[in-house]
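Here the structure comes first, spelled out in structure tokens, and everything after it is commentary.
Only the coordinates and a few stated rules stand behind these numbers; no lab work does. Remember, predicted model here, so these are calculated numbers, not experimental data. Here the Cβ positions follow ideal geometry from the backbone for every residue, glycine too, while neighbour counts run over all protein chains shown.
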């Protein structure tokens, strides 16, 4: 039962193969088994590849089975259409398009399995890329907020420096009127005279201005610090909102690109393995000698071709003979006087009727 199933997978004609030796049946069963298990591997590979896209099992398995059936049908068609010829190079030329198709199928099948085999290494590459993308994302987002924050910090520094400068001026005025009272500077007269009062009033005026400046600049600094805090919050929110996009950077294309950054030799050997599996049925038929199945199949096809050619030739002869007979019949009829007299009488009647019709038409016009 299993052998019959694998023979079906090989695309061989079971009616012809039943009359062949058990060895011939075993050969085609082996070819069919290769076709079947290649389709199984294609189903597994496609299911995994689609799972990385859909992140759910049922659609991945369903479309994976569809893909496996497609590969099975293609492989079965490729193997069944290769015919044994007397010249190996003619067979190779005949099989070359199918070999190219087999190479394409091998690439498509092997790539998803490579992604699964090297999954840990790919995850490491993706982790490094995600980390770098996170840093780059933060730097790019910072370009939107850092200039505003730096401008506000500069404004705060200027406001603080303005207060500090004012405090220095007030302190200088304080030292001036104290020195005037002690007689160390100015009039150098000890005591609180008119000059002392003038300097004291100037100091008190500037001290009041300093207090007012402190109040105004404090409010401005607090407002600027609130803006800085808001900008920092917006920046952190933006980073948090964009991080899931980076965390989700592990789709099929990202994994294929990450696989390309790994050493190529292991992937190349896996590709060679699937290429050997995919092309083995083709080369098995090319390298194997002509067997009883091939001879009987060629005999059957030759018989059908001969019968078709014979039927076509007979139809052509029949048409040519019928045409010659018809020509001779019409030539003989054309020479008969009875037929001539009959057609002459009919023609005379037709001309008389045409003349009568023309005469009636002219009367109607008049």
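Things worth noting here:
- Each helix, a run of at least 4 DSSP H residues, gives -39500 (n - 2.57); summed and divided by the residues of the chain, these come to -32000 deg cm²/dmol at 222 nm.
- Relative contact order computed over the range 31-106 (Cα-Cα under 8 Å; 6+ residues apart), in percent: 27 percent
- At R0 = 30 Å, FRET efficiency that the Cβ-Cβ distance of residue 18 and residue 65 yields, to 0.05: 0.45
- Sorting 239, 319 by the number of Cβ atoms found within 10 Å of their own Cβ, with the fewest placed first, yields 319, 239.
- Gyration tensor (alpha-carbon) shape descriptor, the chain, a/c threshold 1.5: oblate
- Between residue 229 and residue 276, the simple spin-label model (points 7 angstrom out along Cα→Cβ) gives 7.0 nm.
- Degrees between helix 337-365 axis and first principal axis of the chain (Cα, 0 to 90, nearest 10): 50 degrees
- Across the range 132-249, C-alpha contacts under 8 Å between residues 6 or more apart give a mean separation that, scaled by the residue count, equals a relative contact order of 36 percent.
- Choice from 135, 113, 17 showing the highest fluctuation, given a GNM over the chain with Cα pairs closer than 10 Å: 135
- Here 333, 82 are placed in order of increasing Cβ neighbour count within 10 Å, fewest first, which gives 333, 82.
- By definition, a body whose alpha carbon gyration tensor gives a ≥ b ≥ c is oblate when a/c is 1.5 or more and a/b is not larger than b/c, and the range 308-365 fits this oblate description.
- Residue of 200, 98, 344 that the Gaussian network model of the chain assigns the largest fluctuation, springs spanning Cα pairs under 10 Å: 344
- Considering only 304, 178, 117, the Gaussian network model of the chain with Cα springs below 10 Å gives its largest mean-square fluctuation to 178.
- Relative contact order for the chain: 22 percent, from Cα pairs under 8 Å spaced at least 6 residues apart, divided by residue count.
- A Förster radius of 30 Å combined with the Cβ-Cβ distance from residue 40 to residue 247 puts the calculated FRET efficiency at roughly 0.30.
- Computing FRET efficiency as 1/(1 + (r/R0)^6) for residue 136 and residue 308, where r is the C-beta to C-beta distance and R0 is 56 Å, gives about 0.20.
- Placing pseudo-labels 7 Å out from each Cα toward the beta carbon at residue 57 and residue 357 gives an inter-label distance of 8.7 nm.
- Net length gained if the chain between residue 168 and residue 323 were fully extended (0.36 nm per residue, minus Cα distance): 42.8 nm
- Burial ordering of 8, 269, fewest other beta-carbon atoms within 10 Å first: 269, 8
- Shape category assigned to the range 132-249 from the gyration tensor of Cα positions, a/c cut at 1.5: prolate
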